[in-house]
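Here the structure is laid out as structure tokens; the discussion comes afterwards.
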């Protein structure tokens, strides 16, 4: 099966996307893969499979590779001999900005390129943690209470310590702090404001049980991964999470009963249906007193959460052959015609 | 002032956008305008100002005009003599799909082109009427109660007659019906499903007072238009609304007191702030028993609601010089460097 891995992006998670792409390349070695890199200037490059190593990008060697232009139907490669169109289905593996905020989905949809990944509305509701809360409230999925702080607006904190402070729109624990003393709050807020003008504050639940579940829809049916109880220190800092994006070893199932597994799956499905079709996502849940709370939606999980699937290549194949189409409305000029006629023109 | 009017789009509202662009051209005749047309195949053309008439497009004459390529910094026009870059600030005047659903905003942001219009998140929350409800609930703006119907899911109607049935994601009254008898409901639902797989049903409030207010933020401050009480039959059908998109005569103020005007403005501002910066939008409100309800957000109102502003060109100028920038995150390779070093490579 042919598939183009699209990675990079102008984002704080740029290098994480590079690591993710290298990992997915290994996991999908039975595929006929090609690699398109989006650099920090929003230029696209075709990367030779043999050059898919982190240093290719950190040393800017990609700039010597063929540049591509995004156009109707695919990525166009021009050369002296003519031009080649790369129009395979794309796996959007750009984490964070560009990839998860709806930009890349809009570009691919506009240029009529099939892709695995969240569509633009799904991005809005998962990229910004405030909007994930809006979604949860609207569809009846429970989540942790929260308060929003904005850079320009003076707001008083109502939650009591300890709390967790997060930039509204970043994953991978970037800019996140746990605060135990009120005196530390301002510093944590400033840290988070470095990455976003809106910051989410939630109660930090000491020793909370956390479970991760990935899944996707194919052939009209939900397909779930195993449930993992992630190994964690208090929470994953960026460096640990970074290592996490290169994970490729199958993990062991969380030791939980079927009732809880079903609860997690049912919450996952509520979030997914009608919103995330076309994407393989990972939902991170908390369980407090037997109650399932959605913590976070990862619409493009690190290394596509390959380690949670028993047969990852088969999952990607199933998803790739079951993608929603962007429906382009047919343009008509009926009213202009009828008005022109009425005017006798 | 230089400005590029971008119009057309692959949408049911394509021809409405053409009419809108022609009207705005007249209203901004003191500007140095250029015109970029997006056709139903997502190709861009540079349209000569003298050819800005409806028949240019309905007769497909635009295909003889220079084709443009969207690229970093602007629209690129190639010719035998070399290439010209059109990089003026864009006024996004594509109504409906493409323009109001976040696609065009994503494209312009990605390619670093300044534009007047809603950003992608703002599009998600205004293009789909369901998500407008999510937003209202989250920010404490009242709206009409609603039920959602999906193409594939059997749902029972709880609301009592009369009701209004709307495709979730279209403006301009396309596919909208008022239903007074339960026997008519299925037909109205099918009509709406022709345009969207999700349909919103709301109580139809007989003789409700309706008020329209437009506004934008410039220099950190909100600027409002006058309040209009739109002339209406029961509701505007597509043909009447179509005429509405060519409106250019200043309307008269609604005869309402300062208290209600302030209530409308305060609800408008709640919706706008932190979401619609960069756009001039029109909010349509209902007033029921003195209570203000948001009916609809028009993130790119027909002919930019020019008729509601006392000095429309000045408003556009103020907005154009106060646009938010898409902030591209700076890419770093710190972790890859540190890992490479740790490995001794």
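Throughout, read-outs are computed from the coordinates displayed, never taken from laboratory work. The model shown is predicted, which means the values in this text are computed figures rather than measured ones. Cβ: placed from backbone, ideal geometry, glycine included. Neighbour counts: every protein chain shown.
Counting Cβ atoms of other protein chains within 10 Å of each residue's Cβ and taking the mean over peptide A:54-64 gives 3. Look at the stretch A:316-329: the mean tally of other chain Cβ atoms within 10 Å of its residues' Cβ atoms is 2. Among B:263, B:129, B:328, the largest mean-square fluctuation in a Gaussian network model of chain B (Cα springs under 10 Å) belongs to B:328. Placing a label point 7 Å from Cα along the Cα-to-Cβ axis, residue B:81 is separated from the same position in the other copies by 3.5 nm, shortest listed first.
Helical content alone sets the calculated 222 nm signal of the protein assembly as shown at -8000 deg cm²/dmol, taking -39,500 (n - 2.57) per DSSP H segment of four or more residues and averaging over every residue. Each of B:101, A:112 was scored by other Cβ atoms within 10 Å of its Cβ. Listed from fewest to most, they are A:112, B:101. Antiparallel beta bridges, as assigned by DSSP with both residues in the stretch A:2-117, represent about 55 percent of the total such bridges. Let's test the formula: R0 of 30 Å, r as the Cβ-Cβ distance of residue A:137 and residue A:181. What FRET efficiency results, to the nearest 0.05? Efficiency, rounded to the nearest 0.05: 0.45. Remark: label point of residue B:288 defined 7 Å out from Cα along the Cα-Cβ vector; separations to the same position in other copies 3.5 nm, ascending. Could you work out how far helix A:258-272 tilts from the main Cα principal axis of chain A, as a 0 to 90 degree angle to the nearest 10? With both axes taken from Cα atoms, the answer is about 50 degrees. Taking every residue in B:101-112 and counting other chain Cβ atoms within 10 Å of its Cβ, the average works out to 6. Here the relative contact order of chain A, from alpha carbon pairs under 8 Å that lie six or more residues apart, stands at 18 percent.
The ranking of B:283, A:136 by Cβ neighbour count inside 10 Å, starting from the fewest, reads A:136, B:283.
As a calculated quantity, the FRET efficiency between residue B:194 and residue A:197 at R0 = 45 Å, using C-beta atoms, amounts to about 0.65. Summary of packing: across the peptides B:1-14, B:247-260, the per-residue average of other C-beta atoms within 10 Å ranks them, highest first, as B:1-14, B:247-260. In nanometres and ascending order, the distances from the residue A:178 label point to those of the other copies are 5.9 (point 7 Å from Cα along Cα→Cβ). When the Gaussian network model of chain B links Cα atoms closer than 10 Å, the mean-square fluctuations of B:306, B:325, B:156 top out at B:156. Does the stretch B:2-116 come out rounded, prolate or oblate, given a ≥ b ≥ c as the square roots of the eigenvalues of its C-alpha gyration tensor, rounded meaning a/c under 1.5 and, failing that, prolate meaning a/b above b/c? Taking the square roots of the gyration eigenvalues as a ≥ b ≥ c, the stretch B:2-116 is rounded.
Taking the longest Cα principal axis of chain A as reference, the axis of helix A:129-139 is set at about 90 degrees. Just checking the listed ones, B:82, B:219, B:278: in the Gaussian network model of chain B with Cα springs under 10 Å, the one fluctuating most is B:82.
The order of A:312, A:75, going from fewest to most other C-beta atoms within 10 Å of their C-beta, is A:312, A:75.
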